[in-house]
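Have a look at the structure below before the remarks.
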Amino acid sequence: MQIKKGIPLIDQHDKNFMYGGKFGGNFIPETLKKPIDDLTNLFQKLRKDKKFLKDRDYYFKNYVGSPTPFIKLENLTNFLGGAQIYAKVVSEANGGAHKIYNATVHCLIAKRAGKKYIIGDTGAGYAGKMLSMAAKKFGLSCKIFMGAKDIKRQRPNVEAIRKNGAEIIPVYSGSQTLVDAVSECMRYWVSHCDTTHMCVGSTVGPNIFIKICAYSTAQISRELIEQVKEEFGEIPKRLKLINCVGGGSSAMGFWNEFMDTHAEFIGVEAGGPKNSKLHAAPLTNSSKVGVLHGAAQYVIQDKDGQIGSTASISAGLDYPGISPLHCFLKDTKRAKYTSATDEEALNAFKLVSKLENISPSLEPSHAFAEAIHQAPKLKSSNVIIVNSCGDSLKDKDIIKKKLGSYKR
Ligand SMILES: *Cc1c(COP(=O)(O)O)cnc(C)c1O
């Protein structure tokens with residue numbers, strides 16, 4: 001199993017849409033086949049359509065707020081005394097996280113398909129917030145499927161979704177989190193696909209959703225590679241790109257343009273509470289391959305092969321599966337994966353927000369925890385870039401509860 005150079009990673013699948021012969025595919029009921037085929041054909045056309053690309057670039061710049069800043073974290077670098085640490089501040093994008101890239105592209109596709117309605121799933125609430133924001137901007141009527149448990153723990157985003165004029169459909173089945181919201185959303189799509197476009201909020205699901213999402217977030221590294229060349233004159237010899245991984249969309253976007261370079265990729269999964277067996281880190285814990293939401297991937301499972309329980313302080317990372325693209329990157333050894341516990345993420349949040357003028361949400365705080373762990377062991381000729389892909393404001397209730405106070 002090997003990654004080919006010069007071909008976008010999303011296109012490196014076989015005729016069954018499998019990456020490395022093992023991950024991904026379209027494991028879907030017959031009823032989903034037609035809408036998925038239609039969307040696949042449309043997207044293949046749009047990728048080569050000059051007007052579509054022009055629109056995409058226009059809205060990335062004039063709506064998403066691209067390019068987002070690339071800054072040196074000088075205080076953190078000096079405090080840790082080792083590698084130089086930088087941040088790509090994707091949380092400065094419209095809406096406060098990377099999911100706006102995917103949501104914007106899906107709305108542009110929906111418009112081109114002549115659909116008036118758009119639906120989507122959400123876990124942390126960010127995907128729903130971004131989709132409802134973009135739907136409002138592009139004049140589409142929007143429904144968001146969300147686990148009942150997530151509705152309770154992500155109040156600020158729930159309010160934002162409603163304020164954007166979208167309807168929230170609470171999902172009470174299963175664990176009442178993202179897994180169940182995705183299933184419910186797909187079920188709805190089957191019976192409404194003539195009028196309705198569906199968006200999946202990360203690089204998961206049937207192949208076409210993985211493709212559209214990774215294609216959209218790739219803008220992050222398209223910006224970053226230019227910013228890196230401007231700062232260093234070239235791509236630094238020893239460069240590590242550290243990103244948290246839930247479904248894996250921000251990491252894919254952060255790494256994509258660096259795929260054929262020597263840059264090292266480190267993905268950080270949610271290790272869960274310190275003294276618990278529960279986590280949301282299938283790659284770190286050598287979970288077995290299973291099928292989740294229409295795609296084969298490493299999935300946290302119990303001994304009977306049922307989807308296993310997960311735990312993480314961060315709802316955005318609390319997902320039992322992981323993008324087939326990351327499974328492929330892991331097995332080809334192009335990327336390395338590790339995890340940070342809830343406590344490590346909280347400590348990283350505390351340190352970064354104390355020393356710097358950025359305030360990462362709990363998801364990227366997992367990536368910062370790994371940077372904080374590695375930097376002191378490295379010489380200053382090493383460069384670490386962390387994707388600060390979300391803003392802490394959405395986590396203020398949890399942070400306040402855990403740390404006693406919240407300052408942004
Ligand atoms: C949703 C989310 C994640 C996790 O999803 P990925 O697809 O892995 O990026 C991470 N960080 C933030 C801020 C999120 O909103």
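Quick notes on this structure:
- For segment 222-250 and segment 118-178, distance of Cα centres in Å: 30 Å
- Among Ser173, Ser361, the ranking by other beta carbons within 10 Å of each residue's beta carbon, starting with the fewest, stands as Ser173, Ser361.
- For segment 132-149, backbone nitrogen atoms closer than 15 Å to the point 7 Å from Glu167 Cα along Cα-to-C-beta are found at 140-146.
- Between 0 and 90°, nearest 10: helix 362-374 axis offset from the chain longest Cα axis: 40 degrees
- For trypsin sites (Lys or Arg not before Pro), the sites in segment 201-247 that DSSP calls loop and that have at most 12 other Cβ atoms within 10 Å are Lys237.
- Distance from the Cα centroid of segment 393-408 to that of segment 254-268 is 31 Å (rounded to whole angstrom).
- Global form of the chain, assessed from the alpha-carbon gyration tensor, a/c cut-off 1.5: rounded
- Tyr86, Tyr172 arranged by Cβ crowding within 10 Å, fewest neighbours leading: Tyr172, Tyr86
- Within segment 67-140, trypsin sites (Lys or Arg not before Pro) in DSSP loop having at most 16 other beta-carbon neighbours inside 10 Å: Lys116
- Gyration tensor (alpha-carbon) shape descriptor, segment 50-155, a/c threshold 1.5: oblate
- Folded to 0 to 90 degrees: helix 30-46 orientation relative to the chain principal axis, Cα: 60 degrees
- Net charge dipole size for the chain [Lys, Arg +1 and Asp, Glu -1 on Cβ; Debye, nearest 20]: 460 debye
- Euclidean distance between Cα centres, segment 73-97 to segment 1-63, Å: 31 Å
- Once the Cα atoms are used to define both axes, helix 99-112 deviates from the longest principal axis of the chain by about 20 degrees.
No lab work stands behind these numbers, since they all come straight from the coordinates. Everything quoted here is computed from the prediction, not taken from an experiment. Every residue, glycine among them, receives a Cβ derived from its backbone with ideal geometry; neighbour counts consider all protein chains shown.
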